[in-house]
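I have placed the structure first, in the form of C-alpha cells, so that the comments after it can refer back to it.
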Amino acid sequence: NILVDDLIGYTSTESYIATYLNQDRKRSEYFIPNPIGSSAGSLPIDANFGTFQRVNTLAENITVEAPTNSDSGKTLILRFVQDGTGGRTVAWNAIFRGVTLASSGTSDQRALVEFFNDGVYWIQKSSSGWVS
C-alpha cells in the first residue's frame, strides 16, 4: 500500500474545515468515514463521499485520478500529509485545472486544496500550499 494510515491531526483538521467553511453542518456532510487509500501510485476519488476527503499519509508519489460522480456545482477539498521522509509528489489528472500546489513538500507538511466542478473540469478555488 502506497499510503500509511494517518489518524494524527484529524481533530484539528476537522476544526479548521468547520471554521473555513463557516457553516454549522453535520460532520457526515463534510467527512468521509474512512481516509482515502491508494494503490499503484494512483489515488481514486469519489465525489459522493463528501466535500472534505482526507488522504492517507503519503509514503510514495501519487497521481490524483479524475473523480467519479463529478456533478456540476460540487466542491471538493483534499487534505494531503507528507510522511516523515517528505518529498512525495502529487500529480494531477488533466481534469484538474489551475492547480498551484507545488509537487512535493518536506517531512510532515500538510496541504489543503479546494476545487469546484464547473460541469467539465475541477477548477482549483484555493490551496494552502505545503505548511508545517
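Every number in this text was worked out from the coordinates using simple rules, so none of it is lab data. Small disclaimer: the values here were computed from a predicted structure and weren't measured.
Subtract the Cα-Cα distance of SER72 and SER42 from 0.36 nm times their separation in residues, and report this length gain in nm to one decimal. Could the numbers behind the result be given before it?
Details: separation 30, 0.36 × 30 = 10.80 nm, distance 2.36 nm.
Separation in residues times 0.36 nm, less the Cα-Cα distance, equals 8.4 nm.
Where both partners of a DSSP beta bridge lie in the range 88-131, what percent of those bridges are antiparallel, to the nearest 5? Spell out each step's value before the answer.
Values: 7 of 9 bridges.
Within the range 88-131, antiparallel bridges account for around 80 percent of the total.
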